[in-house]
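Report on the following structure.
What follows draws every value from the coordinates through simple rules; no lab data is involved. Remember, it's a predicted structure, so these values are computed and weren't measured experimentally. In this analysis, Cβ positions are derived from the backbone assuming ideal geometry, glycine residues included, and neighbour counts consider all displayed protein chains.
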Amino acid sequence: MSPRRGGSSRKKGPTKGSGGQGRRKLAGKGPTPKASERTWHKNYRPPTPRKKKPEHTTDAVAGRNPVVEALEAEVPATTLYVSAGITMDDRIRKSVRLAADRGIPVLEATEAQLARLTDNARHQGIALEVPPYKYENGVDLVLELMSDWDNGYRKNPPLVVALDSITDPHNLGAILRSASAFDADAVIIPSRRSVGVNSTVWKTSAGAAARVPVGQVTNLNNALTEYKKAGLFAIGLDGDGEQALPGLPLATEPLCVVVGAEGAGLSRLVSETVDQNVSIPISSELESLNASLAAGITLYEISRLRHKID
């Protein structure tokens, strides 16, 4: 049968589809954002940043013997915590008595509280909380020492120990102990990539951290430059240093002794900034000295030369 004249030749019924090619155009874009969420709108409100959890700002000496030693050394402390129901022995009794004599509060604590306070250290049922150390400005501290020397207010020239990225708290504590023993005026540490004064430092220093001020500087190399401008000489301890420590010529001058990091030694910039790199003569069988031991030997030699001790 032929189609009618003037009529359409298309068949009725479903036709071929687009294959979904226009589906994205037809899809909606979701609900309209609130005015406060649209960056271009006058009522836009930026999201409030999440508050960071407060950092742990206290430290603690843990263990029966360490707590007794810390209290005997008069390490600054805020609270003595003792486990509830603990079996009392001579060390616990002595700790409680020493704390009471110094007016330090003694509180009972659960095992969970002690574990949290001591970062899960072996606390043996007792912990001494110590406050954050208050550092002095490392540049201002040294410049004030130099000002006193220049104006005749000091008998001996300033002696400062600077630490180039020391990270072991036992080394810092031992260096503070040597600094106190040999009349150093201050210990200077960088504010980054360096250990600070914590409970281990307090314990290792045997209370010297309370006698020798610790100053912080943002950049040790820049601080050394400021020291030298003020008239302070700087020496760096280096096993390959050309100047030998015995009879050190700069010992009687205002002096800063720079001790390098464990293993790595002095950084390149610091090594180039100091006036002399000084070596300590040792047996060829030993590669190098521990940082704190090298500092102690150096401070002793400086003290010997300053006081003309044979």
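A few points about this structure:
- For residue 253, residues with placed amide H under 5 Å, excluding near neighbours: none
- Ordered by the count of other Cβ atoms within 10 Å of each Cβ, fewest first, 195, 161 give 195, 161.
- Label zone at residue 181 (point 7 Å along Cα-to-Cβ), backbone N below 12 Å, the range 225-256: none
- Label point distance in nm, residue 140-residue 97, each placed 7 Å from Cα along Cα→Cβ: 4.3
- With neighbours defined as other Cβ atoms within 10 Å of a residue's Cβ, the residues 107, 145 order from fewest to most as 107, 145.
- Extended-chain gain in nm, criterion 0.36 nm per residue less alpha-carbon gap, residue 167 and residue 112: 16.9 nm
- Residue pairs exceeding 27 angstrom between C-alpha atoms, taken from 203/228; 155/229; 155/203; 94/203; 203/308: 203/228; 155/203; 203/308.
- The Cα center of the range 233-310 and the Cα center of the range 81-146 differ in position by 35 Å.
- Shown in residue order for the range 175-186 are the 3J(HN,Hα) couplings computed by the Karplus curve 6.51 cos²θ - 1.76 cosθ + 1.60 at θ = phi - 60°: 5, 4, 5, 5, 4, 5, 5, 10, 6, 6, 8, 6 Hz (x for Gly and Pro).
- The range 59-130: relative contact order as a whole-number percent, Cα under 8 Å and 6+ apart: 55
- Converting phi to 3J(HN,Hα) with the Karplus coefficients 6.51, -1.76 and 1.60 and the offset θ = phi - 60°, the range 97-107 yields 5, 4, 5, 5, 5, 9, x, 8, x, 10, 10 Hz in sequence order, with x at every glycine or proline.
- Residue-by-residue Karplus 3J(HN,Hα) for the range 242-258, coefficients 6.51, -1.76, 1.60, Hz, glycine and proline x: 6, 8, 7, 5, x, x, 3, x, 7, 4, 8, 9, x, 9, 10, 9, 9
- Checking every one of the chymotrypsin sites (Phe, Trp or Tyr not before Pro) in the range 150-254 against DSSP loop status and a limit of 13 other Cβ atoms within 10 Å picks out 153.
- In this structure, residue 155 and residue 243 have a Cβ-Cβ separation that, at R0 = 25 Å, corresponds to a calculated FRET efficiency of about 0.45.
- Segments 243-250, 265-272, 87-94 sorted - mean Cβ within 10 Å per residue, highest first: 265-272, 243-250, 87-94
- The range 136-306: relative contact order in percent, alpha carbon pairs under 8 Å with at least 6 residues between: 27
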